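Shown next, in structure tokens, is the structure this report addresses.
The values are calculated or read from the model by the stated rules, or taken from the named source; none is laboratory data. What you see is a predicted model; the values in this text were computed from it and never measured. Here the Cβ positions follow ideal geometry from the backbone for every residue, glycine too, while neighbour counts run over all protein chains shown.
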Amino acid sequence: MRTYDPRHRIKHIAIACAVVWALFFLRLFYVQIVCHSRYEKLALTQHNRRVPLSGVRGTIYDRNGVVLAQDIRTCSVCAYPPQIRDRAAAARELSRALGIPYSRVHRRLGKKAGYVAIAKKISPEAEARLREAKQSGAGRLDGVDLIDDTRRIYPLGRAACHVVGIINPDGHGTEGIEAEFDSYLNSTGGWFILARDAKGEDVVTTRSLAKQPRPGANVVLTIDANYQAIAASCLRRAMEEHRAAAGSVVMVEPASGEILAMVSAPDFDPTVPGTWRRGTLRNRVVMDQFEPGSTFKLITLGAVLEEDVAESTTIFYAENGVGRFGQFRVNDTSKHGWVSLKEFFRVSSNIVAAKLGLMIGEDKFYGYCRAFGFGATTGIDLPGEGAGKLRNTEDWSQRSLFTMAYGQEISVTALQLAMAYAAVANDGVMTRPMLVKRIEDDGGRGLRRWLPRERRRVLSEGTCRTIKEFLADAVDNGTGRSARVEWCRIGGKTGTAQKYSASTRSYSSFVSSFAGLLPAENTRLVCLVVLDEPADEHLAAVVAAPVFKELVERVGNCSRPPLSPPFDRIRFEVRNDAHVRVPDVRLLAEDEAARDLKKVGFDVRFSGVGSRVVSQEPAAGTLARTGTDVRLRLAEADKPASDEGALPDLRGLSMRDALRRLSAMAVTARVNGSGVVAGQSPPAGSLVRRGDCCVLELRPLAAERHGTHR
Amino acid sequence: MLEVFKAGKDKKLMGATILLMAVGLLMVYTSSAGLGASRFEGDVGHYFKHQALRALFAFVAMTVMMNLDYHRLQRKAPWVLIVALIALVALVVPGVGREVRGATRQIPGLPVQPSEFARFAVVLYLSSFLAKRGEAASFKQCIMPCFAVTLGAAGLVLLQPSLGSAVVLVLVSAVVLYVGGARLKHLAVVLGTGLAVAVACILSNPYQLERIRGFLGLGHQYQEDQSLLALGTGGVIGKGIGRSMQKYLFLPDPHTDFVFAIYGEETGFLGCVLLVSLFTFLLLRGLKVAASAPDRFGFLLATGLTASIGLFFAFNVGVVTGIIPTTGLPLPFISYGGSALLMNAVAVGVLLNISGHRVREGVSSGRSPWKRNVIRITEIR
């Protein structure tokens, strides 16, 4: 006889549970904490056997969709040594197709690994040879694989090198737009994993692909490829002719601040890393700071006219070429006696500029310099932008004020100077320089958009008109004569600045520049040419102005906006693609809003139902190209558009819809019955006034249907 | 509406179950995302969506079972067993079952795998049989029929072939017999026979043999190595949910049998101990339900159902932590798969129903009257 207590036995089971828990606790402790570092190391070696797959980097386009930088498909060759039957034969075929030494391929193939890279980014010809060899090779190249890879091409080459930038071998941008928008352009790479079979050997299966790469976003620039190429070739020719050390050209559309071309020399080839040197990689338009010289007299002139210090007819004594300002002497290149303000600008007299500077006074002059954006970065989307050097008035010496008035003792970047001229061309409103229009993903969906943005008004429109007249006069009759073209009246200013050289500690070399407005009125293009240290001649009238002329001639021949339609007719035409401020049409009636927008040159697209515009896109006050769609959302207004209206046909509508229609007309309703509207009084089309009453006869839907059945 | 949830008295048991199911859903999502993306055209939620639906279904099943008086199961036990055996036999008939990776475990159209259902049926039958026989348990009258049913069902499961399931089936039966009062000698016979069949099966099957050889260090054992690697790289607090590297196909089946390895990699030692403790808590609650069951049938049934969950848990975690060779058993409530989830939820539902019956009979001590009796077993020679 034996006894058993079920409680006892279930206790045994519970104890077993506790034992299992303790066992797992100890085991987990051992595996996860004691052996943690050992497994970490193991995992590292294992995860390193991930084979990376590169994705397609985003494309960089110019404003018209011309490719500036693009990834094109190419091939990399790899091999899976365990799958290769005849190592020697495979190595021979590979070395023949790819042009790599046999011994190196042979050694690679002999590695005890599941995967070896043979060659990266091979040429299309090599790829074709290899594919042919693989087909006709009778299995000798089994285990050799072509992996899709990408190579970046730059169709404009050296011409757009500084703007577009370069990428390093890891595929990350290091210069220009490639660097600035690297996070957008970059693709997220994928990888596949080498699986291991039961024998512990690497195998590659179709299933082992773990992560597909995702392509990067595309960047659309404001650059025009044609203008960029023209600017680059003009600059290169000028650099050779004048044996200049460096140079830069920047073209801006003044109304929007869009940069159409930005060229810097010396340049580099984005596909040849050997040409990437410190000097060549420098984008001088935004990085280099120089003393502008006479081109800066624009700011002096602007301040004088705006502050009413003098009028265009006021005359000044130019001291016959040598002016004394306290203990300092200021020289002019040519001797003049009494000159008017206009003549001063035409002949570019330093002495008069100095006098004007003194008349304006320190604080005001400093204020205008700041207002024109000197001494601060413009915020353009490029890396390494310089701010120039504009000292505070406390740090000015006795000569600072009048020296700055003719553009010495202040350093600026070419972009700042171009934007200052663009502000004058834009009737006194500074805009933010724009280099990127939008970023979109590979499906064309917009991720980010840039709209032209005004920063501030620096001069009145009247002042700007006078300045533009002066600029045109300087080209017609003054220092800028060599920039003149026949088909268009342009405005411009030369600048020959002495350059302080740190090595010789003297002002022995020069910076020659020309800033021009094309045309002088209704300006569509502002262009700045800067040549640094030209060897023989240094006068801007001889060096920089002809470059500008060549540039303008060639740009004028290519019929691309913003320079078409022809200039002689611009003033009388609706500017097809100018930037115009979007008027505020909110709360206007549908037809009024459409009329207002069409008048300025916009197209209109409506959405929603109602009589009043409740919202608009682009918003009121922003700049937009004429011809673009302005989307308006309509909604019901509180009050009807007119006092009297025709009653619509309400039959067949549900009660709710009918009431909504009536309330939109401010007509009260009396409802009889339920269901859908079967009759109305007064009938459809009769004129009703606000506050009138309409009687609706409603009938159930089923009865209606029944009735039609009969 | 809330009335239906009041049937189960043991709120802690229910809470633990729901918590486990939630963790399970989370783990299925994080562990299968990469797999879903590569197999189903980037659909990272593919497995998760399926599993969420099944979890909902399982939860409903649990609620239904919770509100179904378990005594009604007692009368139907033989029929349930017969249905289960028919399903198992049907699998062996060519053309009925669906073959997945060399084993026929499913009948298309049925929500549960026959082997999962058979385990439940065997536990139910044994409980009702032993409860009917009462204290007078002789080898011939009591142990032999149980023996026959268990080994018969296990044999059919073995034919699929599914060695792991068969072993669990035998062990669950052994537990029921043990608490049912079987003598150790008799149990040893049952287990011994089971072991002999299992060994024979392993030796005759090169696939099984390879696993055992790998476990003993004589061959390769890719899954075990990778699973330990996953656990080991988890460290104390893990890499964080969704940060597992191993799930990217280093570990085959990251969402089914080896989900605990991914869990360990992502939540670390702390997370693992928490989950193991949660399971142990659930088992102890199950045993408590058994101990306070109002009658012998409830007692045996509760123990058996708890044991079936517990053995799956122990086998699965044992495999993942490298204590026992690979068996291919899922982790209850956590692993991807609807069949096991459904049957485990049903089991918990029955447990909850049993827990609701314990305060009847008006016994102030909370113990059932029958438990006070010391049952005498006459030894029959």
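Numbers at a glance
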item: Of residues in region A:79-112 being of a type in the set (Ser, Thr, Tyr) and in a helix (DSSP H, G or I), the one farthest from A:Ala138 (Cα to Cα); result: A:Ser103
item: Residues of region B:148-189 satisfying the condition of being within 18 Å of B:Ala200 (Cβ to Cβ) and of a type outside the set (A, V, I, L, M); result: B:Thr150, B:Gly152, B:Gly155, B:Gln160, B:Pro161, B:Ser162, B:Gly164, B:Ser165
item: Condition broken by A:Ala128, with the remaining ones in (1) crowded, with 21+ Cβ neighbours inside 10 Å; (2) modelled with pLDDT of 80 or more satisfied; result: (1)
item: Residues of region A:23-37 satisfying the condition of being within 7 Å of chain B (Cβ to nearest Cβ) and either outside any helix (DSSP H, G or I) or of a type outside the set (A, V, I, L, M, F, W, C) (or both); result: A:Arg27, A:Gln32, A:Cys35, A:His36
item: Selection from region A:74-114 of residues that are among the hydroxyl-bearing types (Ser, Thr, Tyr) and touching a helix residue (DSSP H, G or I) at 6+ places or on another chain (Cβ under 8 Å); result: A:Thr74, A:Ser95, A:Tyr102
item: Residues satisfying the stated conditions in region A:503-518, i.e. more than 18 Å from A:Gln416 (Cβ to Cβ) and within 29 Å of the chain's Cα centre (by Cα); result: A:Leu518
item: B:Phe281, sole failed condition from (1) among the hydrophobic types (A, V, I, L, M, F, W, C); (2) closer than 11 Å to B:Leu13 by Cβ; (3) more than 10 Å from chain A (Cβ to nearest Cβ); result: (3)
item: Any chance B:Phe299 is more than 9 Å from chain A (Cβ to nearest Cβ), out of contact with any Phe, Trp or Tyr (no Cβ under 6 Å at 6 or more places or on another chain) and part of a helix (DSSP H, G or I); result: no
item: Top-ranked residue of region A:63-88 - restricted to ones that are in contact with a strand residue (DSSP E or B) (Cβ under 9 Å, 6 or more places away or on another chain) and aliphatic (A, V, I, L, M), ranked as surrounded by the most Cβ atoms within 10 Å (Cβ to Cβ); result: A:Ala69
item: Test for A:Ala265: is it crowded, with 21+ Cβ neighbours inside 10 Å, out of contact with any Cys (no Cβ under 6 Å at 6 or more places or on another chain) and without any contact (Cβ under 8 Å) to a residue 60 or more places away in the chain; result: yes
item: Checking A:Lys468 against (1) surrounded by fewer than 24 Cβ atoms within 10 Å (Cβ to Cβ); (2) in a loop (DSSP other than H, G, I, E, B), the condition it does not meet; result: (2)
item: From A:Glu617, A:Glu704, A:Glu636, residue being modelled with pLDDT under 70 and within 25 Å of A:Val585 (Cβ to Cβ); result: A:Glu636
item: Flag if A:Ser256 is touching a Pro at 6+ places or on another chain (Cβ under 8 Å) and not basic (Lys, Arg); result: yes
item: Search result, residues across region B:324-357 that are within 14 Å of chain A (Cβ to nearest Cβ) and modelled with pLDDT under 90; result: B:Ile324, B:Thr326
item: Where a residue in region A:13-38 is free of Cβ contacts under 8 Å to residues at least 12 places away in the same chain and its partner, wherever it lies, is surrounded by 12 or more Cβ atoms within 10 Å (Cβ to Cβ) and of a type in the set (Phe, Trp, Tyr), with Cβ under 8 Å and at least six apart; result: A:Ile13/B:Tyr178; A:Leu28/B:Phe269; A:Phe29/B:Phe269; A:Val31/A:Tyr39; A:Gln32/B:Phe269; A:Ile33/B:Phe269
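One line per residue, one yes/no per condition, for (1) within 39 Å of the chain's Cα centre (by Cα); (2) part of a loop (DSSP other than H, G, I, E, B); (3) at positive phi:
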{"position": "A:Lys342", "(1), (2), (3)": "yes, no, no"}
{"position": "A:Gly357", "(1), (2), (3)": "yes, no, no"}
{"position": "A:Cys369", "(1), (2), (3)": "yes, no, no"}
{"position": "A:Gly373", "(1), (2), (3)": "yes, yes, yes"}
{"position": "A:Asp381", "(1), (2), (3)": "yes, yes, no"}
